Structure formats: C-alpha cells, structure tokens
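Since every read-out is calculated from the coordinates, none of them should be taken as a lab result. Here the structure is a predicted model, which is why all the values come from computation and not from measurement. Here Cβ is always computed from backbone atoms with ideal geometry, including for glycine, and neighbour counts include all displayed protein chains.
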Amino acid sequence: MKFEFEDIDNYHQRAKVPGGWLVKAVENVFHLTETQSGDGWDWRVSMAFVPDPDHSWVIDPVEVKS
C-alpha cells in the first residue's frame, strides 16, 4: 500500500491511512563529535499515528503561516 504525503508546513507532512493520519516530522540537526565524519548534519525523522476515522482534520493555510 502506497501513501501520498501532503505538506502541513515546512517540517511536517501527513498521509491519509485507514483510521486516521500518519504524520511525519523532519528536522535538520547538527551534531559534533570527536570522530566527526562528514559535515555534521543529520536529518531526523519521526512519525506518529493520529486517530481520525472520518479524516475530518482540515489544515487551515492561514494558521500554518502564523
């Protein structure tokens, strides 16, 4: 099953799944260690399920920009 993600804002997306939404958050994180390899930047991704059986969650573009 393939899910289509839509943007909520610059760091969050959601996909309609059975019973609710799959929400993905991404963050670009800098880390510094003694054995640094690469440039020190990582993408951190987390996901959560938001129950909403009727898929009634509506994104208000005005609210997202605030």
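The amide H of D52, built 1.01 Å from its N in the peptide plane, has G20, W21 as neighbours under 5 Å, considering only residues 5 or more places off or on other chains.
Annotation: amide H-H contacts under 5 Å for V17 (H modelled 1.01 Å from N, sequence separation of 5 or more, or interchain): L22.
The residues packed around V50, meaning those with a beta-carbon under 12 Å from its beta-carbon, carry a net charge of +2 if Lys and Arg are +1 and Asp and Glu are -1. Shown in residue order for the range 48-55 are the 3J(HN,Hα) couplings computed by the Karplus curve 6.51 cos²θ - 1.76 cosθ + 1.60 at θ = phi - 60°: 9, 9, 10, x, 6, x, 8, 6 Hz (x for Gly and Pro).
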